[in-house]
């Protein structure tokens, strides 16, 4: 089975994940675009407002979920999904495996600014965290506008994903490599999360920069 190559995007990643894992249903989610916050440390009223946003898991409606079954996998094209300034398309963490049981895609969101040293640290940290958690298969590191995403090659059980996120939080996300807020939201929402797979209107292509 041919793997996506460096420079490929989420279209190639998702096609590969479908072929490798053979799920029965995968889910996409249209969600509100919210940028990273620059906290205002000078004005308490603004600070409190920002803090509420920072610590809130944004709700979404069931209508925002797009479920794709096996009959649509062969014709899946990311470019066919609507784009707007207010909504972005993400891959939802939950899927149904070939037996119809709920499983997860292993997802991580990073906060470190892209660069050679950041890439070296991430590869070293993630590889060792996967080994520590006995999660096999590795995955793909994708560069975004401001940082990176990681998505695993193999689907995993919910409890394994939860324990993995807890280990990341305890290790401070590799001293700030990984977005601890993403991990915290994932745990408080019982893994009901998503990872952006669609580039922003004025943003850069989301592309693979490393395979782990």
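Readers should treat all values here as calculations from the given coordinates under stated rules, not as data from a laboratory. Predicted model, so just to flag it, every value in this text is computed and none were measured. Cβ coordinates were reconstructed from backbone atoms using ideal geometry, including for glycine residues, and neighbour counts include every protein chain displayed.
What tally of residues in the range 113-132 results from selecting those that are part of a helix (DSSP H, G or I) and in contact with a strand residue (DSSP E or B) (Cβ under 7 Å, 6 or more places away or on another chain)?
4
Among the residues of the range 154-189, write down those that are without any contact (Cβ under 8 Å) to a residue 24 or more places away in the chain and over 15 Å from the mean Cα position of the chain (by Cα).
Across the range 154-189, the qualifying residues are 159, 166, 169, 170, 172, 175.
When residues of the range 1-15 are filtered for being under 15 Å from residue 73 (Cβ atoms) and either more than 19 Å from the chain's Cα centre (by Cα) or surrounded by fewer than 18 Cβ atoms within 10 Å (Cβ to Cβ) (or both), how many remain?
Final tally of qualifying residues: 3.
Considering each of 106, 88 in turn, give the residue that is in contact with a strand residue (DSSP E or B) (Cβ under 9 Å, 6 or more places away or on another chain), closer than 22 Å to residue 55 by Cβ and surrounded by 13 or more Cβ atoms within 10 Å (Cβ to Cβ).
When all the criteria are applied, what remains is 88.
Could you list, in sequence order, all residues of the range 141-165 that are touching a helix residue (DSSP H, G or I) at 6+ places or on another chain (Cβ under 9 Å) and over 17 Å from residue 182 (Cβ atoms)?
Passing the criteria: 153, 154, 155.
Taking the condition of being buried (at least 17 other Cβ atoms within 10 Å of the Cβ), outside any loop (DSSP other than H, G, I, E, B) and in contact with a helix residue (DSSP H, G or I) (Cβ under 8 Å, 6 or more places away or on another chain), how many residues in the range 181-208 meet it?
Selection size over the range 181-208: 3.
If you check 141, 95, 88, which single one turns out to be within 12 Å of the chain's Cα centre (by Cα), in a strand (DSSP E or B) and in contact (Cβ under 8 Å) with a residue 12 or more places away in the chain?
141
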